[in-house]
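The values are calculated or read from the model by the stated rules, or taken from the named source; none is laboratory data. If you're wondering where the values come from, they're calculated on a predicted model, not measured in any experiment. Don't worry about glycine lacking a Cβ; one is built from the backbone with ideal geometry, like all the others, and counts go over all protein chains shown. Accessible surface areas use protein heavy atoms only, side chains included; no ligands, DNA or RNA. Shrake-Rupley method; radii C 1.70, N 1.55, O 1.52, S 1.80 Å.
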Amino acid sequence: MTRIAFIGAGSTIFMKNIVGDVLHFPALEGATFALMDINEQRLEESALVARKLIAASGRKAQVETSMDQRRALAGADFVVTAFQIGGYEPSTVIDFDIPKQYGLRQTIGDTLGVGGIMRGLRTVPHLWRVAADMAELCPNATLLQYVNPMAINTWALAERYPHVKQVGLCHSVQNTVQELAHDLDLPKDEIRYRVAGVNHVAFFLDLTHKGKSLYPALREGYRNGSLPKPPLLMSRCANKVRYEVMEHLGYFCTESSEHLAEYVPWFIKSGREDLIDTFSVPLDEYPKRCIEQMADWADQAKAYRTADQIEFKKSHEFAAEIMNAMVTNQPYTIYGNLPNRGQAPQLPKGAAVEVPCMVDANGIQPTVIDDIPPQLVALMRTQINVQELVVRALMDEDIEHVYHAAMMDPHTAAELDLRQIRSLVTDLLAAHGDMLPEFTRLKKAA
């Protein structure tokens with residue numbers, strides 16, 4: 001019987017998707033879902049949803065709940081992480097409000113930039129605690145890691161706990177294929193593709209339909225103004241940034257335009273509101289989403305609580321597919337984030353890279369992609385510079401590398417000078433206080 005531990009199971013909608021996916025696979029019949037969260041009410045709501053999903057499926061499965069991480073992990077075969085240290089308040093508010101005082105604006109703030117750096121500093125120590133408990137309580141388990149900043153987390157986990165089996169998972173590739181199918185009026189299942197890079201800044205190296213490249217149609221549509229169409233997934237976030245980057249670098253990025261806009265120095269600039277308007281850059285998008293999701297959740301929770309059964313369909317997340325492939329030894333291909341051990345030889349060794357991976361009873365096995373165009377490699381290196389410095393700060397407990405990471409961030413460096421960046425980081429560290437590792441509070445910035 002497969003035991004699946006959810007750390008951060010209070011993320012009910014995500015938990016619902018994964019539990020529902022697992023229930024589609026006969027080989028995972030009888031699974032135990034060990035749900036863990038520090039929020040007792042959200043944990044109880046998630047357990048209720050999971051039990052109603054099981055009832056609707058007719059599968060034999062059971063649900064356990066605990067606010068004790070070690071209890072949930074004991075004996076697990078798979079561990080799914082989906083948590084946010086610090087939450088919307090105070091942490092997300094801090095990550096957006098303090099940079100704005102310096103004139104530094106963001107859209108999502110969870111992957112790169114000063115927001116991503118702070119989130120990494122908050123998140124990695126707890127992921128390390130999960131890994132330490134796994135090494136003791138379920139040493140053969142596989143960690144399916146869904147927490148941002150994905151690349152920083154995956155890299156730091158591999159540095160501190162190299163023997164813990166883990167993979168960083170994202171849905172940006174699947175989402176982008178869905179958006180491209182929408183733009184081109186094609187069935188998404190007929191699109192063939194090959195992707196490589198770093199999480200959120202990976203690119204479609206091949207993109208075809210029935211053997212024909214889709215890039216000419218994408219370029220023509222963008223140039224004549226028919227593309228992008230109104231977005232399929234995020235109604236207020238037009239997809240113009242990705243098309244503009246494709247126009248100049250030649251390839252389409254896997255992550256949404258609202259994310260990509262703040263990973264590069266070209267779209268969010270002081271005194272250039274024309275760029276914000278032309279490319280429909282949604283500033284402060286993530287705080288808006290947080291507020292909307294919190295407002296919606298009360299109604300959703302009430303609906304789940306009163307429903308006799310909860311209907312569900314299979315999502316496009318990789319977690320359950322991985323579990324099924326490993327249990328049955330039936331190969332399945334995913335896009336996974338793993339430390340670079342040669343699967344992306346053009347990128348630095350050890351960096352977290354995203355490439356196609358085959359999954360079977362032997363685990364998660366990355367394939368080699370060695371033909372990333374040089375302009376894309378150059379862009380990816382600008383992301384890796386920041387990620388590596390955050391990992392080094394955490395591993396070496398060196399506060400100076402936190403400052404260095406912000407100094408190397410493409411968007412931050414395009415807007416602020418060195419003294420401004422140092423002052424901004426100092427303010428962020430002070431505001432987050434004991435939500436960050438102790439070494440960030442050992443001394444004041446010089």
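Scanning for something over 13 Å from SER11 (Cβ atoms), part of a helix (DSSP H, G or I), modelled with pLDDT under 95 and open to solvent by 20 Å² or more (accessible area, probe 1.4 Å), does the range 67-83 turn up at least one residue?
No, the range 67-83 contains no residue that is over 13 Å from SER11 (Cβ atoms), part of a helix (DSSP H, G or I), modelled with pLDDT under 95 and open to solvent by 20 Å² or more (accessible area, probe 1.4 Å).
Pairs meeting the criteria (first residue in the range 282-293 and farther than 19 Å from PHE267 by Cβ, second residue at pLDDT below 95 and open to solvent by 40 Å² or more (accessible area, probe 1.4 Å), beta carbons under 6 Å, at least 6 apart or on different chains) are CYS290/TYR88. Take the range 91-120 and flag every residue that is among the hydrophobic types (A, V, I, L, M, F, W, C) and open to solvent by 20 Å² or more (accessible area, probe 1.4 Å). Correct list: VAL93, ILE94, ILE98.
No other residue among LEU227, LEU184 is open to solvent by less than 20 Å² (accessible area, probe 1.4 Å) and farther than 27 Å from PHE96 by Cα apart from LEU227. Of the strands (runs of 3 or more DSSP E) lying entirely inside the range 315-403, the ones with 3 or more residues being without any contact (Cβ under 8 Å) to a residue 60 or more places away in the chain are found at 352-360. When LEU43, LEU35 are checked against the criterion of being assigned to a helix (DSSP H, G or I), touching a Ser or Thr at 6+ places or on another chain (Cβ under 8 Å) and free of Cβ contacts under 8 Å to residues at least 60 places away in the same chain, LEU43 stands alone in meeting it.
Residues being at pLDDT 95 or above and over 21 Å from the mean Cα position of the chain (by Cα): count how many of those fall in the range 290-331. Of the residues in the range 290-331, 8 are at pLDDT 95 or above and over 21 Å from the mean Cα position of the chain (by Cα). Remark: LEU260 falls outside the filter, which requires a residue to be touching a Gly at 6+ places or on another chain (Cβ under 8 Å), hydrophobic (A, V, I, L, M, F, W, C), touching a residue at least 24 places away in the same chain (Cβ under 8 Å) and open to solvent by less than 50 Å² (accessible area, probe 1.4 Å).
Annotation: GLU45 fulfils all but one of (1) touching a Gly at 6+ places or on another chain (Cβ under 9 Å); (2) open to solvent by less than 50 Å² (accessible area, probe 1.4 Å); (3) more than 27 Å from ALA325 (Cβ to Cβ); (4) modelled with pLDDT of 95 or more; the unmet one is (4).
Scanning the range 214-265 for residues that are polar (S, T, N, Q), in a helix (DSSP H, G or I) and either touching a Phe, Trp or Tyr at 6+ places or on another chain (Cβ under 8 Å) or modelled with pLDDT under 95 (or both) yields one hit, SER257.
For the structure I just gave you, tell me whether LEU207 is surrounded by fewer than 16 Cβ atoms within 10 Å (Cβ to Cβ) and farther than 30 Å from LEU73 by Cβ. No, not satisfied.
Residues that are open to solvent by 10 Å² or more (accessible area, probe 1.4 Å), farther than 16 Å from THR254 by Cβ and part of a loop (DSSP other than H, G, I, E, B) within the range 147-173 comprise TYR161, PRO162, HIS163, VAL164, listed in sequence order.
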